[in-house]
Every structure is written in C-alpha cells, then in structure tokens.
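**Q** Quick one: the structure is below, questions incoming.
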C-alpha cells in the first residue's frame with residue numbers, strides 16, 4: 001500500500017476500515033480532498049486509541065514532559081509556548097488553555113520547514129524534528145491534508161539526510177533511530193513509515209555496538225547530554241511496541257535457529273542499550289549542580305523542571321539501576337545526603353569521571369552536591385572550568401589564558417592533551433598540557449582534596465627541551481653564593497608574562513583582605529578562600545604574582561618570571577576554617593646541597609589553624625631534592641603535614657618523568 005508521500009501530488013492512497021474489524025486496502029486516483037483522507041485520519045487516530053501513548057511511555061507523557069526532557073539545557077533557554085503546545089499535541093495532552101489561543105499550526109509548520117538546516121545538524125534541531133514526528137497523529141486535527149503530507153515528507157527527507165552521518169553521532173540516535181521508530185509506531189497505517197522500523201533498529205544497534213565512541217560523541221557537547229539520554233529512555237520503551245522486521249524464511253529448521261539467535265540478540269541488544277543509558281545517566285548526574293541545573297548553564301531550577309519533577313528525566317533514568325543511580329541522583333539534586341561516606345560504601349558510582357575522547361572531566365569530592373564540584377572541559381584551545389562550593393557556583397565559563405615571551409605573545413599550536421590522572425579516597429587529580437610556539441608547553445593541574453575540602457589549580461610554562469643556555473645559567477647559579485638573589489642568574493633568560501581570567505558566576509562577589517593578598521568568593525556568605533601561593537602573603541611586599549577582580553567580572557591571576565614559570569592557586573571551601581589563623585610560605589628547595597631557583601622546582605606550605613599541607617612541583621629532570629626535611633624524586637607531590645609529630649601523610653606523588 002503506497003502512501004501519498006511516495007506518490008504524485010495528484011494521487012492519494014488510503015485505508016478503509018471495515019465495520020467487521022477487517023481492513024481493506026483501497027487504491028485509486030483521487031484529488032487531495034478525497035473522502036479516503038478522512039478514512040485514513042480515522043484509522044491513524046483509532047490506532048492511537050487502541051494503544052495510547054501513556055501505555056508506551058507511562059506517566060512521563062503528562063503534559064508532554066517526556067518530549068521536553070533535556071531540551072532547555074540543550075537550547076540554553078526555557079521551552080517556548082510553541083514547543084509546549086507541540087509536545088502536548090504529541091502526547092495527546094490538552095491544548096485548550098488560554099495561553100495556546102495564539103497558536104497557528106499551519107504557520108508553525110511553514111516556519112519549521114523553512115528553518116531546517118541541512119548540514120551539519122545541531123542535536124537540538126534534530127530533537128525538534130523528532131517532536132514534530134511524534135506530533136503527527138495529533139496534527140491531523142489541526143492541519144489541512146496538503147500541509148500534513150508536506151510536513152511528513154519534510155520529516156522523512158530530513159531523516160534520510162542523516163543516514164550518511166557517522167554511526168556514533170548522537171544525531172543518528174535521535175534523527176535516524178528514534179524518528180524512524182516513532183513514525184513506524186505512530187503512523188503504522190502508512191507503509192513508508194512502517195518500513196522505517198528496520199533501518200531504525202539497525203542504526204540503533206550500530207550506535208550501541210560502538211558504545212565508547214558513541215558516549216564520547218555525546219559528551220563532546222555536554223549541554224546535549226540530557227537530550228541523548230532522554231532519547232535512549234524513549235527508545236527502550238518504543239522497542240517493546242514496534243515489531244522488528246520479519247526475517248527471510250528459508251527452511252523450517254533454519255527458521256527455528258534464526259528465531260533462537262534473534263531472541264539471544266534481542267536480549268543482548270536491550271542490555272547494551274541499558275548499559276549506555278546507565279553510563280550517560282551517571283554523567284548527567286555528575287554534571288548536575290545547583291538546583292538540578294547542568295554545569296556551564298545560566299538556566300534556573302524552574303527552567304529545567306521537566307528534567308527534575310516526579311515525571312522528569314533524572315528520576316526516570318535512575319530507575320535503570322535503582323541501587324546505584326537513585327542515591328547518585330538524589331545527592332546531585334541535594335535531596336539526599338551521602339553523609340561523608342565513600343562511593344563504595346553506598347553503592348554510588350565513582351566520584352571522578354573522565355572521558356579523554358570528549359575531553360571532559362568531573363571531580364566530585366562526594367556525590368552530595370553540597371560538598372562542591374569541579375567540572376573541566378578542555379576540547380577547545382581555551383578550556384572551561386566550573387567550580388561549585390556548596391550549592392553556589394563560583395567560577396563558570398571559559399578561562400582565557402595568555403602568555404608572552406619577552407613581550408611577544410605566544411599562540412597555542414595544538415589542543416589540550418591529558419597527560420596524567422589519578423583518583424583514590426584522598427584526592428582526584430588531572431594533569432594536561434598544550435604545546436605553544438617557540439617550544440613552550442603550558443601544563444595545567446587540577447586537584448581536589450576530597451576529605452579536606454580544598455582545591456588546587458596550577459599552570460606551569462616550561463620548555464619542551466631545557467635549552468643549553470638555560471642549563472648553563474642554572475649551573476652558574478648553583479656555583480654562585482646560594483644566599484644571593486636569583487635576579488642575576490635570570491637576567492639572560494626569557495621573560496615570561498602570564499595571566500589567566502576566571503569568569504565569576506552570576507551573583508558571586510570578591511572580598512579582599514586589608515593587609516594580605518588572599519581573597520574570598522561568595523554570595524550572601526563567604527564560600528571559598530583563594531590563596532595565590534606564588535604571591536607574597538602581604539600586600540606591602542614585592543611580588544611577581546597578583547590576584548584581583550577585573551571590571552568585567554573576572555578573577556585575574558597574573559605572574560611574571562624568567563626561563564620557566566609556575567603559578568599555583570589554593571582554594572579552601574571549608575567555611576569552618578575561614579575564621580582560623582592562616583598563612584602560606586614558599587619553601588626553599590635544594591639539590592645536592594645547593595639551592596635551586598623557582599623556575600626549576602617550587603614548594604609551598606599552607607596552614608589553616610592546625611591543618612597544614614605541603615605542595616611540591618618540579619619543572620626539570622632531577623635527582624633527589626629536599627624541602628622542609630622531605631627528600632624525594634617526583635614531578636608533583638602533596639601531603640598533609642603534622643607539625644607536632646613532624647610527619648607527612650602522603651596524599652599524591654606523581655613520579656618524575658625525565659622525558
């Protein structure tokens with residue numbers, strides 16, 4: 001039975017439903033206003049009554065919620081009145097309210113068709129086409145015959161255009177698999193729609209077979225992560241109601257074997273979908289911060305209510321693995337507390353998530369959102385950072401970094417590359433680097449001290465190969481009076497000017513101290529104490545490093561040095577320590593009984609009340625080095641220091657890498 005989307009504009013194929021309960025197919029040439037159009041409409045609407053959409057998707061169809069899952073986050077704006085009307089139409093919900101009186105469906109259709117961008121397709125656009133697909137049965141009540149067929153043809157053409165996409169692209173998940181299965185299920189009266197089931201299931205299988213690449217492709221655009229998860233949840237349900245394509249029968253014996261293999265394959269297929277959905281749910285929970293709003297989003301809790309309510313995306317996704325995901329979702333939303341327990345103690349997922357392909361990482365001290373979160377995206381040349389303390393977002397957005405050598409700006413020559421990561425019960429640690437002009441490398445570190453509720457950030461500008469003139473200058477410095485200044489040894493080395501701008505989140509103010517160089521970040525209360533470790537502690541002291549707020553609401557960290565440069569920040573988010581006496585010091589570092597300059601290695605001591613920490617960073621290959629009674633060979637080291645016992649509790653040691 002061909003349908004008008006496959007025939008000439010002058011021909012219509014319709015289905016006549018007999019009163020005896022058997023279907024008869026009528027094919028004849030007729031104008032678009034034929035009575036058979038009325039019969040077809042009745043058949044499609046009867047199918048919807050026979051298998052209501054709430055039977056397929058459950059209570060989440062309430063007011064069209066299920067088709068708005070993740071949309072606000074992907075669009076970075078709340079769903080407008082047209083989207084509200086369309087999603088309600090897709091689920092058979094009421095659209096008789098006063099706010100919908102200005103809706104003109106035929107005008108909406110024309111604008112939709114004119115707005116489609118062929119390539120490349122944004123996932124939010126693909127989702128929009130999906131919603132129109134789901135609304136097709138409901139639109140029978142609102143559109144003229146010609147407009148309805150034109151819209152169906154547009155949707156089918158759009159889906160066909162996505163068949164050539166990379167099979168791991170999330171556009172294939174929504175645009176090929178879900179649109180196809182939606183049309184196949186909701187417009188089963190049309191053969192051209194029924195036939196989409198086979199290619200849709202095949203596309204979904206291919207997407208799931210390359211699960212790692214598919215998940216990375218979703219995470220490459222984190223704001224679209226919820227849309228992809230929502231699609232998987234709907235597809236899980238649709239697959240139960242859309243019959244798979246019938247296998248070709250050869251012999252009875254072979255057919256029986258085929259059925260057995262199909263059954264096994266189906267079970268494995270469903271398991272693969274669930275595994276990917278669970279992984280995406282974990283990422284969505286980790287990326288969720290204040291009020292259920294996703295990282296780097298300016299939306300409010302009200303804007304994302306479709307994801308948060310009892311029919312919302314997060315609650316529905318948690319049902320995939322209640323033992324693990326439900327406590328993680330509740331902790332992310334702030335409705336449940338982990339009470340300081342570690343992930344393995346309460347069946348929670350791991351608290352550090354990192355996808356090297358998508359270049360996104362979440363560092364959670366605990367799953368409880370009240371304990372703060374650190375999210376880093378480094379796919380672009382300028383990485384993005386979101387720092388959350390309690391329920392308040394302090395820093396959110398692109399961190400603009402500039403480097404100049406002897407007054408000449410350096411440009412990055414490549415993308416960020418992850419070079420080291422580590423996680424345990426004490427710390428989460430990430431290190432990455434980016435090649436710059438003239439052989440310089442920008443190395444960046446993030447560390448979260450989980451129990452201590454402290455964060456560490458540092459940038460180091462180093463040479464890819466320590467030039468011979470730098471080595472000679474360093475050797476000459478060793479041979480001179482160790483009590484002398486480093487300035488003489490540095491004068492012939494290149495001068496490095498460095499700065500990074502951290503964008504302050506909305507509502508966050510900077511409070512400076514009167515005499516010292518540290519500062520507080522907060523809203524209605526202090527949320528974080530920031531220590532610029534490479535700066536002098538007192539404002540009246542000379543210092544190569546400065547930390548201040550700019551007029552355009554950024555936190556500016558700037559520093560200067562010769563040869564190589566290390567610029568660390570220590571961030572304390574434990575309010576209990578804000579009123580304690582505090583100090584920090586740069587420590588002297590020695591190698592073979594000779595002091596070495598800060599451009600080669602640096603160490604710091606931080607003290608908050610009775611709590612103390614030691615941080616060390618090497619920027620050149622070395623032998624054993626000594627600082628504050630500690631001797632080691634390492635690239636990076638952090639420990640708690642007990643002054644009374646004069647002992648160290650190692651938190652992390654990154655081994656020395658001569659290359």
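**Q** Out of (1) buried (at least 18 other Cβ atoms within 10 Å of the Cβ); (2) in contact with a strand residue (DSSP E or B) (Cβ under 6 Å, 6 or more places away or on another chain), what's the single condition that is false for residue 590?
**A** That leaves (1) as the condition not met.
**Q** Related question: Considering 155, 174, which residue is modelled with pLDDT of 95 or more and over 21 Å from residue 106 (Cβ atoms)?
**A** Working: 155 fails: over 21 Å from residue 106 (Cβ atoms).
Testing whether each residue is modelled with pLDDT of 95 or more and over 21 Å from residue 106 (Cβ atoms) leaves just 174.
**Q** For a quick check of your reading: which strands (runs of 3 or more DSSP E) sit entirely within region 436-528 and have at least 1 residues that are modelled with pLDDT of 95 or more, under 33 Å from the mean Cα position of the chain (by Cα) and closer than 16 Å to residue 560 by Cα?
**A** On the way: elements: 440-449, 454-463, 495-503, 509-512, 519-522.
Answer list for region 436-528: 440-449, 454-463, 495-503.
**Q** Continuing with the same structure: Going through 301, 279, 270 one at a time, which residue ends up being out of contact with any strand residue (DSSP E or B) (no Cβ under 9 Å at 6 or more places or on another chain) and at pLDDT 95 or above?
**A** Values: 301 fails: at pLDDT 95 or above; 270 fails: at pLDDT 95 or above.
Exactly one residue qualifies, and that residue is 279.
**Q** Which helices (runs of 4 or more DSSP H) does region 59-147 wholly contain that include 3 or more residues that are more than 28 Å from the chain's Cα centre (by Cα) and without any contact (Cβ under 8 Å) to a residue 24 or more places away in the chain?
**A** On the way: elements: 71-75, 81-91, 105-115, 123-134, 136-139.
Correct list: 105-115.
**Q** Let me ask another. Among 204, 213, 190, which is crowded, with 24+ Cβ neighbours inside 10 Å and under 32 Å from the mean Cα position of the chain (by Cα)? Show your work before the answer.
**A** Working: 213 fails: crowded, with 24+ Cβ neighbours inside 10 Å; 190 fails: under 32 Å from the mean Cα position of the chain (by Cα).
The match here is 204.
**Q** If you don't mind, there's one more thing I want to ask. Could you list, ordered by first residue, the pairs with Cβ atoms under 7 Å in which the first is in region 396-419 and free of Cβ contacts under 8 Å to residues at least 24 places away in the same chain and the second is surrounded by fewer than 16 Cβ atoms within 10 Å (Cβ to Cβ), at least 6 apart or interchain?
**A** What qualifies is 409/402; 414/435.
**Q** Test residue 563 against the criterion of being modelled with pLDDT under 95 and within 26 Å of residue 387 (Cβ to Cβ), and give yes or no.
**A** Numbers: modelled with pLDDT under 95: yes; within 26 Å of residue 387 (Cβ to Cβ): no.
No, not satisfied.
**Q** Within region 155-169, is there a residue that is touching a residue at least 60 places away in the same chain (Cβ under 8 Å) and over 19 Å from residue 52 (Cα atoms)? Give the derivation first.
**A** Residues of region 155-169 that are touching a residue at least 60 places away in the same chain (Cβ under 8 Å), as a first pass: 156.
Still in the list and also over 19 Å from residue 52 (Cα atoms): 156.
Yes: one or more hits.
**Q** Kindly list the number of the only condition in (1) in contact with a helix residue (DSSP H, G or I) (Cβ under 8 Å, 6 or more places away or on another chain); (2) within 16 Å of residue 503 (Cβ to Cβ) that fails for residue 398.
**A** Result: residue 398 fails condition (1) only.
**Q** Tell me yes or no: at least one residue of region 391-405 is crowded, with 16+ Cβ neighbours inside 10 Å, touching a strand residue (DSSP E or B) at 6+ places or on another chain (Cβ under 6 Å) and in a loop (DSSP other than H, G, I, E, B).
**A** Yes - at least one qualifying residue is present in region 391-405.
**Q** Continuing with this model, one more query. On the given criteria, is residue 165 crowded, with 20+ Cβ neighbours inside 10 Å and either under 32 Å from the mean Cα position of the chain (by Cα) or assigned to a helix (DSSP H, G or I) (or both)?
**A** Details: crowded, with 20+ Cβ neighbours inside 10 Å: no; either under 32 Å from the mean Cα position of the chain (by Cα) or assigned to a helix (DSSP H, G or I) (or both): yes.
Judged against the criteria, residue 165 is not a match.
**Q** Let me ask something else. Please verify whether residue 568 is in contact with a helix residue (DSSP H, G or I) (Cβ under 7 Å, 6 or more places away or on another chain), surrounded by 17 or more Cβ atoms within 10 Å (Cβ to Cβ) and in contact (Cβ under 8 Å) with a residue 40 or more places away in the chain, treating the condition exactly as stated. Give the steps one after another, and end with the answer.
**A** Numbers: in contact with a helix residue (DSSP H, G or I) (Cβ under 7 Å, 6 or more places away or on another chain): no; surrounded by 17 or more Cβ atoms within 10 Å (Cβ to Cβ): yes; in contact (Cβ under 8 Å) with a residue 40 or more places away in the chain: yes.
The answer is no for residue 568.
**Q** In a loop (DSSP other than H, G, I, E, B) and either more than 14 Å from the chain's Cα centre (by Cα) or assigned by TED's automatic domain parsing to the domain that holds residue 441 (or both): does that describe residue 414?
**A** Numbers: in a loop (DSSP other than H, G, I, E, B): yes; either more than 14 Å from the chain's Cα centre (by Cα) or assigned by TED's automatic domain parsing to the domain that holds residue 441 (or both): yes.
So residue 414 fits the description; yes.
**Q** So is residue 388 part of a strand (DSSP E or B), buried (at least 21 other Cβ atoms within 10 Å of the Cβ) and over 19 Å from the mean Cα position of the chain (by Cα) or not? I'd like the intermediate steps shown before the answer.
**A** Values: part of a strand (DSSP E or B): yes; buried (at least 21 other Cβ atoms within 10 Å of the Cβ): yes; over 19 Å from the mean Cα position of the chain (by Cα): no.
The answer is no for residue 388.
**Q** Quick check on region 571-583: of everything there that is part of a strand (DSSP E or B) and touching a residue at least 60 places away in the same chain (Cβ under 8 Å), which residue is farthest from the chain's Cα centre (by Cα)?
**A** Our first condition is that a residue be part of a strand (DSSP E or B); within region 571-583, this holds for 571-572, 582-583.
So of that shortlist, the ones also touching a residue at least 60 places away in the same chain (Cβ under 8 Å) come out as 571-572, 582.
Working: 571: 23, 572: 25, 582: 36 Å.
Residue satisfying both the conditions and the ranking: 582.
The values are calculated or read from the model by the stated rules, or taken from the named source; none is laboratory data. If you're wondering where the values come from, they're calculated on a predicted model, not measured in any experiment. Cβ: placed from backbone, ideal geometry, glycine included. Neighbour counts: every protein chain shown.
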